[in-house]
Amino acid sequence: MPINQHEVQLLGHLELLARQVVEGFITGLHKSPFHGFSVEFAEHRLYNTAESTKHIDWKLFGRSDKLFVKRYEEETNLRCQLILDNSSSMHFPEEGKSGVGLNKINFSVHCAAAIAYMLRLQRDAVGLSIFSDKIELNTPARSSSVHHKMMFTEMEKLIADPKIQTGKKTAAAAALHEIAETIHKRSLVIIFSDMMESGEGADELFSALQHLKHNKHEVVLFHVTDKKKEEDFNFENRPYLFVDVESGEQVKVHSNEIRDTYIEAMANYKKELKLRCGQYRIDFVEADINESYRNVLLPYLIKRERMS
């Protein structure tokens, strides 16, 4: 059964919501071609050829016909840094208006919370970074329950007010450079952003992404958009007042007059993003807020399995 985002949202508490999303996702996996993924291995991991056999769980082998090794508390697991863009553009579209479901920051927080919940199940260490025109929060990766509670509390603050917070520009390049300097051990770095950079431009942004790769991190960029509005420019054929929520600049124009030019410009920017990410071996994943959480959780799970 597909996850109903709006029903899940009614549960309120972010951690409970994350658990519900993950349980629904795992149930869906078990009914799909991806049922072989190990998504609950707090106590075991797959046996690697040529390692010692003394910790193999032979009873589990008898039941599953697969070799698993018992995992102990002191084992070093995956380290993950979740990075959330909290600039004003991420609060589009304004929630509560007719036809508006989740906005970009809500969708990103829900996905990040679900990933954090999965990391906790797997006893992995996770940190949280939040930026807009500056670093708003940057915590190191830890696996304690107190740390997880703190992260969920901080993420809940981002979605507490449904109104668009204007005037907070995107300084992704500077933020990513700064965060890269604070992650001292090889990690999986997961970024949720619309990549609407307000600073030096594309070259500086790509330099920051390359900085993370240069430091030996695995990077996944979830490009969060409202595809209908921001890429397909799905507006009625009439005049609109378009407002840049980061700069405050306003433009009154008929939608049909700029549709083709706008769509072409956005397509070119997205193509450049994909191309540069491919060059730097960064996983680029489209994250449309109108689609299922599965489109985010599955790429994460595939990446994690490859790093195990």
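None of the figures in this text is laboratory data; all of them are computed from the coordinates on show. The structure presented is a predicted model; accordingly, all values stated were derived computationally and were not measured. All Cβ positions, glycine included, derive from the backbone under ideal geometry; neighbour counts span all protein chains shown.
Computed values, structure above
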| read-out | value |
| --- | --- |
| Neighbour-limited loop hits for GluC sites (Glu not before Pro), segment 171-231 (at most 13 other Cβ within 10 Å; DSSP other than H, G, I, E, B) | 200 |
| Cβ-placed point charges (K, R +1; D, E -1), dipole of segment 200-284 about Cα centre in debye, nearest 20 | 360 |
| Residues with amide H under 5 Å from that of residue 128, placed H, sequence gap 5 or more | 82, 139 |
| Residue pairs, from the table 157/229; 104/134; 228/252; 149/213, whose Cα atoms sit over 23 Å apart | 157/229; 149/213 |
| Sites residue 271 and residue 251, calculated FRET efficiency, Cβ-Cβ separation with R0 25 Å, nearest 0.05 | 0.55 |
| Integer Hz, Karplus 6.51/-1.76/1.60 couplings in order for segment 190-196, x for Gly and Pro | 10, 10, 10, 7, 8, 6, 8 |
| Lys/Arg +1, Asp/Glu -1 at C-beta; segment 206-308 dipole; positive extreme among 251, 275, 292 | 275 |
| Residue 50-residue 243 pseudo-label distance in nm [points 7 Å out on the Cα-to-Cβ vector] | 6.2 |
| Neighbourhood net charge (14 Å Cβ-Cβ; Lys/Arg +1, Asp/Glu -1) for residue 255 | 0 |
| Of the trypsin sites (Lys or Arg not before Pro) in segment 180-234, those whose Cβ has at most 16 other Cβ within 10 Å and which sit in DSSP loop | 185, 186, 216 |
| Those trypsin sites (Lys or Arg not before Pro) in segment 275-307 that DSSP places in a loop and that have at most 11 other beta carbons within 10 Å | 281 |
| Among 111, 125, 101 - extreme Cα towards positive end, dipole of segment 93-143, charges at beta-carbon | 125 |
